Amino acid sequence: MSPVSQLAQEDPMKAGMIIMLNGASSSGKSTILHALQDLFDEPYLDAGLDKFLWMLPTRYLDRPLWDEVLGLATRAGDLGHHLVGGMHRAIEGLSRSGNNVIADHVLVERSWLLQSALLFSDLPAYLVGVRCPLEVLEARERQRRTRTIGQAKAQHELVHTDLTYDFEVDTSVSSAQACAQQIKERVEQSGPPRAFKLLKERVAG
């Protein structure tokens, strides 16, 4: 039997876990992501939004080309939609290939919510809300030279609108490491994820 035929007869690999962290700019998602990678014994791949943004040619990270990606912080350009669509399908493919994935996201576009719900609803995918009060977000934004002033305020309410989460953390009351520990415990101790299934029923119904 050829290797291809043998592979076709094997049982599908068990899907890997997905943990998607959704929150506004400066809410602490990336720090939580890296803390989670350190906490889990098994490897979790970082497939967050920044990883895909940095795949672009450097010139697209500055205006005016940045406006084709996510220049307004609350609305993507055509290139941004293509990029995020590829990100969602890449995460799905990684999971279905047996890889565990953590991804930080800013679900500011309804089409991104719909697509992720459709792709992840039948996978072991947890949607985690990363909350933080606006005044704390703005203070962090001012302290970080890599942040665009005003982005956190623009995304603060929008990024969580109409969303159902499996669970939430607040980085204004817990450190990133403590938030990561809370998420790990919930993933390991709670039942199967439900947020993406509920979102699929809502947005596709």
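Coordinate-derived values only; no laboratory data. Here the structure is a predicted model, which is why all the values come from computation and not from measurement. Don't worry about glycine lacking a Cβ; one is built from the backbone with ideal geometry, like all the others, and counts go over all protein chains shown.
For the stretch 169-205, the set of residues classified as crowded, with 17+ Cβ neighbours inside 10 Å and among the small types (Gly, Ala, Ser) consists of ALA176, ALA180, ALA195, listed by residue number. Among helices (runs of 4 or more DSSP H) entirely within the stretch 147-204, having at least 2 residues that are free of Cβ contacts under 8 Å to residues at least 12 places away in the same chain singles out 176-189. How about the stretch 40-56: which of its residues are surrounded by 14 or more Cβ atoms within 10 Å (Cβ to Cβ) and not acidic (Asp, Glu)? PHE40, TYR44, LEU45, ALA47, GLY48, LEU49, LYS51, PHE52, LEU53, LEU56, listed by residue number. Could you check, for the stretch 67-79, whether at least one of its residues is out of contact with any Asp or Glu (no Cβ under 7 Å at 6 or more places or on another chain), surrounded by fewer than 19 Cβ atoms within 10 Å (Cβ to Cβ) and closer than 23 Å to ASP38 by Cα? Within the stretch 67-79, not a single residue is out of contact with any Asp or Glu (no Cβ under 7 Å at 6 or more places or on another chain), surrounded by fewer than 19 Cβ atoms within 10 Å (Cβ to Cβ) and closer than 23 Å to ASP38 by Cα.
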